[in-house]
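> Can you read through this structure? Questions will come right after.
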Amino acid sequence: MTVERNIRNAVRWYEEMWSLPDYDLADALVHPDYDPEWVQIPKQGPEQVRHEMRYFRGMFPDLRYQVLDRIGQGDRVWLRYRGTGTHAGAGWGFEASGKQAVFEGVGIFMFDTQGLVVDRWGMYSFYDIFTSLGLAPPWWELSRHLDYHPENG
């Protein structure tokens with residue numbers, strides 16, 4: 001039952017907390033000491049997650065996540081998801097473009113015995129977002145935009 005609960009909570013992280021959004025759900029899903037080392041926000045616990053949500057949703061106010069794959073084992077859950085949203089606000093040094101961003105990512109969640117997220121590792125493709133918004137060329141055209149000459153070493 002614990003693995004199923006953890007999977008359910010990890011799915012709720014994306015499909016409810018982030019997608020609705022439900023900022024208060026962070027209190028029910030996130031451990032007070034939650035503070036991933038790779039997240040550079042000077043807060044922890046539910047407030048850290050709400051801060052991150054506000055920033056990202058400030059750029060993509062209609063952000064929606066769909067969980068595509070999930071697997072759980074012990075206190076860990078792995079998810080693969082797709083995110084979509086309209087770039088309606090400034091962020092990352094770019095003004096709003098009004099374009100739709102589509103990207104995929106993964107999240108690895110670590111849970112305590114009560115089903116609270118104590119740590120998380122996540123990765124999504126910034127490049128897919130930038131390509132969707134017209135801020136970067138597709139991979140297959142990237143070399144045309146770089147001053148790279150392999151023959152020069």
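> Looking at segment 4-52, which GluC sites (Glu not before Pro) are DSSP coil and have at most 11 other C-beta atoms within 10 Å of their C-beta?
Sparse-neighbourhood loop GluC sites (Glu not before Pro): GLU37.
> For ILE41, what accessible area in Å² do you get when you roll a 1.4 Å probe over the heavy atoms of the protein chains, rounding to the nearest 10?
Solvent-accessible area, nearest 10 Å²: 30 Å².
> Counting only residues 5 or more places away or on other chains, whose amide H sits under 5 Å from the amide H of ALA136 once H atoms are built in the peptide plane?
For ALA136, the qualifying residues are THR131.
> Okay, moving on. Calculate one ³J(HN,Hα) per residue across segment 66-78 by plugging θ = phi - 60° into the Karplus curve 6.51 cos²θ - 1.76 cosθ + 1.60, and present them in order as whole Hz with x for glycine and proline.
Coupling constants for segment 66-78: 10, 7, 9, 9, 8, 8, x, 8, x, 9, 10, 9, 10 Hz.
> What ³J(HN,Hα) values, in whole Hz, does the Karplus curve 6.51 cos²θ - 1.76 cosθ + 1.60 give for segment 6-15 when θ = phi - 60°, with x put for Gly and Pro?
Values per residue, Gly and Pro as x: 5, 4, 4, 5, 5, 5, 4, 3, 8, 7 Hz.
> Expressed as a whole percentage, what fraction of the accessible surface of the chain belongs to carbon and sulfur atoms when a 1.4 Å probe is rolled over the protein heavy atoms?
Using a 1.4 Å probe with all protein chains present, the chain comes out at 53 percent carbon and sulfur.
> Give the accessible surface of the chain per residue, rounded to a whole number of Å², with probe radius 1.4 Å and ligands, DNA and RNA excluded.
57
> I'd like the orientation of helix 45-59 relative to the chain: the angle between its Cα long axis and the longest Cα principal axis, in ° from 0 to 90, rounded to 10.
Result, in degrees: 30.
> Okay, moving on. Non-local amide H neighbours of GLU104 (under 5 Å, H modeled in plane, Pro and chain starts lacking H): which ones?
GLY83, SER125
The values are calculated or read from the model by the stated rules, or taken from the named source; none is laboratory data. Just so you know, these numbers come straight off a predicted model, no measurement behind them. As a convention, Cβ positions derive from the backbone with ideal geometry for all residues, glycine included, and neighbour counts pool all protein chains shown. Only protein heavy atoms, including side chains, enter the accessible area calculation; ligands, DNA and RNA are left aside. Shrake-Rupley method; radii C 1.70, N 1.55, O 1.52, S 1.80 Å.
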